[in-house]
Structures are given as C-alpha cells and as structure tokens.
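*Asks:* Below is the structure I would like to discuss, written out as structure tokens.
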C-alpha cells in the first residue's frame, strides 16, 4: 500500500449484523479486503457489555463476560432497530438500539484505524456504506443511519444486504446475464431477494422477508427442548430461572448447533439447582424441532418468486448469505426448493461487507468522474479519472426497488380511513408519482393533513406512519376540489412529498429522510455520551 495514500480515498463497507459484524474496503489493487479486528478475526460478535457507567467492551470480550455478567450484556440488538420505545438500562443510563449499535460500529472503526496504523498509515475510517435487510422499513433504516452518526461515521448510503451480496458475486461474473436468488439467513433476520445481472447492471426485482426470523430461533428450539426435558426429570426445576444456569445452557446450545453442522448427533448437558441431565440431540430431531422455521423460509421464498413473476426454473444462481445458512437443513431446503446447488462463489460470512465496500467504491468513483466532467475539457478529464480510478473495471450500476409500498391515509366514500398506495412495492428506485385523484373531504375546509405510510396493509393500523405534510390557511375549499400529490423516492432512500391545492396553486412540501426516532437534540446528546465513554 503506497505511503502517500489519500486519507479520504476509501469508502468502508459495513455489515452490521445481528450476531456478527464485519468491515471492508477496496484496496489500491481493486480487491476487497476484510479488515481483521484487534483479535485478528474477520468478523466481530455484535455483543456489547457495559462494564461501568463510562466504559464498555464489544465483541469477543463481551461474549466472554456474558456468562459472568448477563444483566449488563446485550446481543441481538438489530432485531429492535427502529423500535421507538425500546430502551435498555445499564448502570443507571438508558440506551436505545441506535446507541448500542453505535458501540459495535465504533469497535469496527477503532480496530480498522489500528489496522492501518500498524501499516504505518494514518487513515480515518469515516465514509461508510452500511447494510440492512432488504425488508427493513424506513424507520429501521433510519435507526441504522443514526447509529452510524453516533459512532462518528459519515453514512453515505444504507444498502440492502442482498444487493451487496449480489454485487460481491457480480464483480466476478461481469457480462453474464443471470437471474440470482439471494437467500439471506442471518442470526436474527431473514431476507429473500431476486436480482437480475445484465452485463454490468444489477437490478433488484423483488424482496420478501421476516425481520423476526434467524439463527437465534433455531438456537431457541434446542434450548426449549433441553429446558422441558430438564423440568420433566427434575420436578419442574427451570434452568431459565437462574441467570448463570441459563447462560451456561445457552452457550452449550450454540456449540451443539455448530457441532450438528458436521456431526450426526451431539450431547447437551443441562445443570441447575444442583441437578444435571443430558440430552442427545440428533440432526433428525433438530430438523423436526425446526420444521416450522423451515416452513417460514419456504413461504417467504415462494412469495418472492410470485412477486417477481418467476419460477424456480428461471433462477440461474442461488446465493447463500449469512452464517445460519451453514446449517445442513437450510442448505437441503434450498436445494429441494430450487433444484440447484447453491453457488460457492461468495463467502456467506463476509460477502455483504465486501459488496458494501464495492458499492461505496463505485459511488465515490462516479462522484469524482462527474466532478471532472464539469472542468474545462471535462470529458477528457473524466475519461482520465475513470481509467485511473477503475482500471480495467467497468462502472457497475445497482438498482434497488421499493421493499414496502409507500402511500397516504385517505377517506373512502363511507368516511372510513384507508391506505392508498402511491408507490407500490417492487417499484425501481428512483421513482416519482403524480396523482390528482384526491379531493377535499368537507365544504369550507381550510387545512389539510397528509399522513405518509409504509407497508402493505389497507388500514392505518396495518401500516407504519412515517411522516406528514400539512397545508394551512387555505381559502375555504369545496368538497371535491382537486388536490395534487407528488411523491418522489430517490436513490438515497429519501422520500420527498409535495401537496398542492390545484385551484390556488398553494403548496406544501415535506421530506421523509433517514431520520429515526431520535430528534437532532437527542442524537447530539447520544454523540456526547458516546464520546465520553471508552472501549476498554
């Protein structure tokens, strides 16, 4: 790596996972590099232990402390992203999911900067692309961006995990026209996405998923089975009532699940209240316990095929993403459904971080080339920059689609509130819709409140309300006067809305950005608190 490398030349790709996280960048040889952490591992457990009011540890050390200090240790926080009322308290200080996730990102940032320092380079990890499940809504995406802000990152984009995986795969399969099915089963979330690779373009066709399904649910199946067996053998004693016994059992369950990936059976010991019992867990029993989870995976997979108007015979490549896809039963399910052996061209553990790094690399390259194009002799300057930055690589375009429909709340002819979808799921991003099908509800109306929604339901309580736009001080309107609504959704996942009274041309505009449940003042306070706390 050259000594005079530009401190601002890198965009870092971050896979902020439920159970493990990773960070990557594209080096000067146009190769994706996963940056090892201080423990010299390519992935970092997404676990945080608060060791005091002003100190914490993340990763393997937090996992090591989980058994001794479970009450001050938190894991699986990704499942709570976007939960406005979700709080955890440690040493009399409350934290929301964004603040806890920021600790994980800060670990990746700090360790990566140390990695460069060991190479004699003073590189600040600043610009980043962070990935999320494709089926995350705007609130969850916003919370992820908030976490990056708190950790001191400049979040350039929130990218769908399957798009990142497809980019990691596609970079080695350029000019190949393929339909790719991404089966992404992580520790806490599940996504299935269908993408098309056409030359140098990657286009997302459809996505489905379950934000409450992941490897943890398989863990829990074994755990519950062991607990019930222990209670039967020991007069109702529940190992879950004792935090130490519960944590010890959970640790053994995790090891048993990993063992069952390579062995036909394993033994799990449960201890509590001075009693001990053994359970022999076979792969057949594990599959039996997990049947409903596999059915949920199958249901989502079939649903995304239907959305994309595809059959399994249309799929050329199946990509497995996420550590939970190492389970033999999951690979067997995918083979049974698709009739295809999954591709081995990507590493399920690190391909998302690598793809995010590629996305950031192409995004930054495109920006530099566009800036050169504005100079005198711009096209020539742009061409020189293109060759310098890309080398033999062609520019790659990634087109994502709307994962959940965007709409507004209106009244039907019976004055019941309903959801009117303006931008439907699967619509390619960016997109814009102009609609004049709406009118005022009452005679003499002077104000208008427009509530923006996200989701597939037809009733307000079946969707999320993600923003609002108000129009005030109108001359008294008549029932039936036309309202024009323009909705724009850009590639940075910012939703812009304009509402206009057609007769008077009076307008109101609003913007639903990736701004989560935290106000700017709350986020500023979170940043101050984060900076005051130190990683041990």
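The values are calculated or read from the model by the stated rules, or taken from the named source; none is laboratory data. This one's a predicted model, so the numbers in the text were calculated from it and none came from an experiment. Every residue, glycine among them, receives a Cβ derived from its backbone with ideal geometry; neighbour counts consider all protein chains shown.
*Asks:* Pick out the one residue from 100, 104 that is touching a helix residue (DSSP H, G or I) at 6+ places or on another chain (Cβ under 7 Å), part of a helix (DSSP H, G or I) and modelled with pLDDT of 95 or more.
*Replies:* After applying the criteria, what remains is 100.
*Asks:* While we're here: Counting only residues that are without any contact (Cβ under 8 Å) to a residue 40 or more places away in the chain, touching a strand residue (DSSP E or B) at 6+ places or on another chain (Cβ under 6 Å) and either over 14 Å from residue 215 (Cβ atoms) or exposed (fewer than 14 other Cβ atoms within 10 Å of the Cβ) (or both), how many does the range 256-299 have?
*Replies:* Going through the range 256-299 one residue at a time, the tally reaches 8.
*Asks:* So residue 526 clears everything in (1) closer than 27 Å to residue 427 by Cα; (2) within 26 Å of the chain's Cα centre (by Cα); (3) buried (at least 18 other Cβ atoms within 10 Å of the Cβ) except one condition, right? Which one?
*Replies:* (1)
*Asks:* Consider residue 131 carefully, then state whether it is more than 19 Å from residue 512 (Cα to Cα) and in a strand (DSSP E or B).
*Replies:* Yes; evaluated as a whole, the condition is true for this residue.
*Asks:* For the range 308-321, does any single residue satisfy the condition of being exposed (fewer than 12 other Cβ atoms within 10 Å of the Cβ) and under 23 Å from the mean Cα position of the chain (by Cα)?
*Replies:* Scanning the range 308-321, I find no residue that is exposed (fewer than 12 other Cβ atoms within 10 Å of the Cβ) and under 23 Å from the mean Cα position of the chain (by Cα), so the answer is no.
*Asks:* Can we say residue 334 is touching a helix residue (DSSP H, G or I) at 6+ places or on another chain (Cβ under 7 Å) and either surrounded by fewer than 18 Cβ atoms within 10 Å (Cβ to Cβ) or assigned to a helix (DSSP H, G or I) (or both)?
*Replies:* Details: touching a helix residue (DSSP H, G or I) at 6+ places or on another chain (Cβ under 7 Å): no; either surrounded by fewer than 18 Cβ atoms within 10 Å (Cβ to Cβ) or assigned to a helix (DSSP H, G or I) (or both): yes.
No, not satisfied.
*Asks:* Can you pull out every residue in the range 212-236 that is modelled with pLDDT under 90 and either in the same structural domain as residue 426 (by TED's automatic domain parsing) or in contact with a helix residue (DSSP H, G or I) (Cβ under 7 Å, 6 or more places away or on another chain) (or both)?
*Replies:* 212
*Asks:* Which of the following residues is surrounded by 17 or more Cβ atoms within 10 Å (Cβ to Cβ) and either under 22 Å from the mean Cα position of the chain (by Cα) or modelled with pLDDT of 90 or more (or both): 482, 502, 512, 469?
*Replies:* Of 482, 502, 512, 469, the one residue that is surrounded by 17 or more Cβ atoms within 10 Å (Cβ to Cβ) and either under 22 Å from the mean Cα position of the chain (by Cα) or modelled with pLDDT of 90 or more (or both) is 512.
Okay, residues lined up against (1) surrounded by fewer than 17 Cβ atoms within 10 Å (Cβ to Cβ); (2) under 27 Å from residue 495 (Cα atoms); (3) touching a residue at least 40 places away in the same chain (Cβ under 8 Å):
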site	(1), (2), (3)
376	yes, no, no
379	yes, no, no
385	no, no, no
388	yes, no, no
391	yes, no, yes
402	no, yes, yes
417	yes, yes, yes
424	yes, yes, no
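The rows are residues; the columns are (1) touching a strand residue (DSSP E or B) at 6+ places or on another chain (Cβ under 8 Å); (2) over 20 Å from residue 454 (Cα atoms).
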residue: 79; (1), (2): no, no
residue: 123; (1), (2): no, yes
residue: 128; (1), (2): yes, yes
residue: 137; (1), (2): yes, no
residue: 142; (1), (2): no, no
residue: 153; (1), (2): yes, yes
residue: 170; (1), (2): yes, yes
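*Asks:* Within the range 307-329, how many residues are at negative phi and part of a loop (DSSP other than H, G, I, E, B)?
*Replies:* Step one: of the range 307-329, the residues at negative phi are 307-308, 310-321, 323-329.
Then drop every residue that is not part of a loop (DSSP other than H, G, I, E, B), which leaves 310-311, 315-316, 327.
Total satisfying the criteria: 5.
*Asks:* Report yes if residue 151 is in contact (Cβ under 8 Å) with a residue 12 or more places away in the chain, outside the structural domain of residue 496 (by TED's automatic domain parsing) and under 22 Å from residue 214 (Cα atoms), otherwise no.
*Replies:* Considered against the rule, which asks whether it is in contact (Cβ under 8 Å) with a residue 12 or more places away in the chain, outside the structural domain of residue 496 (by TED's automatic domain parsing) and under 22 Å from residue 214 (Cα atoms), residue 151 comes out as no.
*Asks:* Going residue by residue through the range 74-85, is there one that turns out to be under 19 Å from the mean Cα position of the chain (by Cα), more than 28 Å from residue 524 (Cβ to Cβ) and buried (at least 22 other Cβ atoms within 10 Å of the Cβ)? Step through it out loud before you land on a result.
*Replies:* Taking the range 74-85 as the starting set, the residues that turn out to be under 19 Å from the mean Cα position of the chain (by Cα) are 74-84.
If we keep only those that are more than 28 Å from residue 524 (Cβ to Cβ) too, we end up with none.
Among the residues of the range 74-85, not one is under 19 Å from the mean Cα position of the chain (by Cα), more than 28 Å from residue 524 (Cβ to Cβ) and buried (at least 22 other Cβ atoms within 10 Å of the Cβ), which makes the answer no.
*Asks:* Still on this structure, please answer the following. Residue under question is residue 47, and the condition is that it be touching a helix residue (DSSP H, G or I) at 6+ places or on another chain (Cβ under 7 Å), within 30 Å of residue 464 (Cα to Cα) and surrounded by 15 or more Cβ atoms within 10 Å (Cβ to Cβ); does it hold?
*Replies:* On the way: touching a helix residue (DSSP H, G or I) at 6+ places or on another chain (Cβ under 7 Å): yes; within 30 Å of residue 464 (Cα to Cα): yes; surrounded by 15 or more Cβ atoms within 10 Å (Cβ to Cβ): yes.
The answer is yes for residue 47.
*Asks:* Within the range 18-57, work out how many residues are outside any loop (DSSP other than H, G, I, E, B) and more than 24 Å from residue 190 (Cα to Cα).
*Replies:* Quick first cut of the range 18-57, residues outside any loop (DSSP other than H, G, I, E, B) only: 20-26, 32-34, 44-45, 48-52, 55-57.
Okay, now just the ones that are also more than 24 Å from residue 190 (Cα to Cα), so 25-26, 32-33, 49-52, 55-57.
Within the range 18-57, residues that are outside any loop (DSSP other than H, G, I, E, B) and more than 24 Å from residue 190 (Cα to Cα) number 11.
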